[in-house]
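A.B. asks: The structure is given below, and queries will be raised subsequently.
The values are calculated or read from the model by the stated rules, or taken from the named source; none is laboratory data. A quick note: this is a predicted structure, and the numbers were derived from the prediction, not measured. Don't worry about glycine lacking a Cβ; one is built from the backbone with ideal geometry, like all the others, and counts go over all protein chains shown. The accessibility values were calculated without ligands, DNA or RNA, using every heavy atom of the protein model including side chains. Shrake-Rupley method; radii C 1.70, N 1.55, O 1.52, S 1.80 Å.
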There are 2 protein chains.
Amino acid sequence: MSSAGYLVNNLARLLVEVLRKRIAPLGIVPGQFPTLLALWEREGLTQKELLGMLDIEQATLANTLTRMERDGLIVRKEHPADARARVIHLTERGRSIRDSAYQAALEINEDVLADLNDDEVQAFLGYMRRVIGRIKRLEKEKV
Amino acid sequence: MSSAGYLVNNLARLLVEVLRKRIAPLGIVPGQFPTLLALWEREGLTQKELLGMLDIEQATLANTLTRMERDGLIVRKEHPADARARVIHLTERGRSIRDSAYQAALEINEDVLADLNDDEVQAFLGYMRRVIGRIKRLEKEKV
DNA sequence: TATCGTTGCATTGCTTGCTATGTAATATTA
DNA sequence: TAATATTACATAGCAAGCAATGCAACGATA
């Protein structure tokens, strides 16, 4: 029970739970984090634009945005030029948790990687990027 | 967008989808894989015993077992000595896909890690085990 | 300009994870 | 042994992922 796939899956779930506990006081959940990071960089994006930054499927993002709107983190306003699209803005609340959230993310990163030195961390990240690249290339070839 | 957490999560999702596509012809889904691996090793386990091998929560396993029973992979029979417990057996169908499933898992492992040499694979697995260990230790301390 | 394909987003339904809680059955103890 | 605690499993409800599909609005073209 320790193939790469099993370990990656296990690690991912552990990390999500660590993140969940740390950001719970901010009133957000792990699935909202990548979207918030993007919106803290730039507001007023459409769902399409956001999607381009996020490695998730459109349906997943649409549902996540609905929950974020329900939770008072964002608002979807009408697009000035295209009635199909909507522009996404942070609420004051969504904006206000930015610094604490960045802080939490940094702390988790440090805590969790504390047993690896800098070179090892770089090697680890490098391996993951290479495997991710490999899988994406495999998928493209088959199409 | 390339912290360890983000990469791990991304990689885990990619791997699950690769697995999903490869095992779809066998009529099973990724969440059933670890349970099947355990049952192919030994049948007639209780849920409790299975749980001890699986790094998931009891409720998750109970639901997975229900879907596996629905899909005709396992049957839950009454425990000879304890009326609360049930022993879990593979159906003929569950048993029959064993070799193809092992084969699929091996192939995926190879395909996906093909850009890393043996030393790099070992290093990669080692890093994951260390980080997993670190997180579990962190959680224990807090309790 | 009327038609028709494309685009942007929402919805539905499923899986797989979680926590919290319910319910028998079993085990312990007063 | 009656009361109580614990155990084994199930259930409910939510999050976050996916594919498939629906629908209105937009854009291109005959």
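A.B. asks: Given the criteria within 14 Å of another protein chain (Cβ to nearest Cβ), within 11 Å of DNA strand D (Cβ to nearest atom) and farther than 17 Å from B:Pro30 by Cβ, does B:Gly52 qualify?
C.D. replies: yes
A.B. asks: Right, here's the next one. Considering only segment B:24-45, state which residues are surrounded by fewer than 16 Cβ atoms within 10 Å (Cβ to Cβ) and aromatic (Phe, Trp, Tyr).
C.D. replies: Within segment B:24-45, no residue meets the criteria.
A.B. asks: On to the next question. If you go through segment B:49-59 one residue at a time, do you hit one that is under 27 Å from A:Val18 (Cα atoms), out of contact with any helix residue (DSSP H, G or I) (no Cβ under 7 Å at 6 or more places or on another chain) and more than 16 Å from DNA strand C (Cβ to nearest atom)?
C.D. replies: No - not one qualifying residue is present in segment B:49-59.
A.B. asks: Within segment A:49-79, which residues are touching a Phe, Trp or Tyr at 6+ places or on another chain (Cβ under 9 Å) and buried (at least 17 other Cβ atoms within 10 Å of the Cβ)?
C.D. replies: Those that are touching a Phe, Trp or Tyr at 6+ places or on another chain (Cβ under 9 Å) and buried (at least 17 other Cβ atoms within 10 Å of the Cβ): none in segment A:49-79.
A.B. asks: List pairs: first in segment B:119-143 and of a type in the set (D, E, K, R), second surrounded by fewer than 16 Cβ atoms within 10 Å (Cβ to Cβ), Cβ under 7 Å, 6+ apart or cross-chain?
C.D. replies: B:Arg130/A:Asp115; B:Arg134/A:Ala114; B:Arg134/A:Asp115
A.B. asks: Taking segment A:80-119 on its own, how many of its residues are within 11 Å of DNA strand C (Cβ to nearest atom) and surrounded by fewer than 14 Cβ atoms within 10 Å (Cβ to Cβ)?
C.D. replies: 4
A.B. asks: Report, by residue number, each residue of segment B:111-127 that is more than 18 Å from B:Pro30 (Cβ to Cβ) and either small (Gly, Ala, Ser) or in a helix (DSSP H, G or I) (or both).
C.D. replies: Result: B:Ala114, B:Asp118, B:Asp119, B:Glu120, B:Val121, B:Gln122, B:Ala123, B:Phe124, B:Leu125, B:Gly126, B:Tyr127.
A.B. asks: While we're looking at this one, here's another question. Have a look at A:Lys136, A:Lys140 and point out the one that is within 14 Å of another protein chain (Cβ to nearest Cβ) and farther than 22 Å from A:Ala12 by Cα.
C.D. replies: A:Lys140
A.B. asks: Here is a further query. If I ask for residues that are more than 7 Å from chain B (Cβ to nearest Cβ) and either out of contact with any helix residue (DSSP H, G or I) (no Cβ under 6 Å at 6 or more places or on another chain) or open to solvent by less than 20 Å² (accessible area, probe 1.4 Å) (or both), which ones from segment A:7-23 would you list?
C.D. replies: A:Arg13, A:Glu17, A:Lys21, A:Ile23 - these are the residues of segment A:7-23 that are more than 7 Å from chain B (Cβ to nearest Cβ) and either out of contact with any helix residue (DSSP H, G or I) (no Cβ under 6 Å at 6 or more places or on another chain) or open to solvent by less than 20 Å² (accessible area, probe 1.4 Å) (or both).
A.B. asks: Pick from B:Arg98, B:Arg67: which is of a type in the set (D, E, K, R), within 12 Å of DNA strand D (Cβ to nearest atom) and away from chain A (no Cβ under 14 Å)?
C.D. replies: Details: B:Arg98 fails: within 12 Å of DNA strand D (Cβ to nearest atom).
Within the list B:Arg98, B:Arg67, the selection yields B:Arg67.
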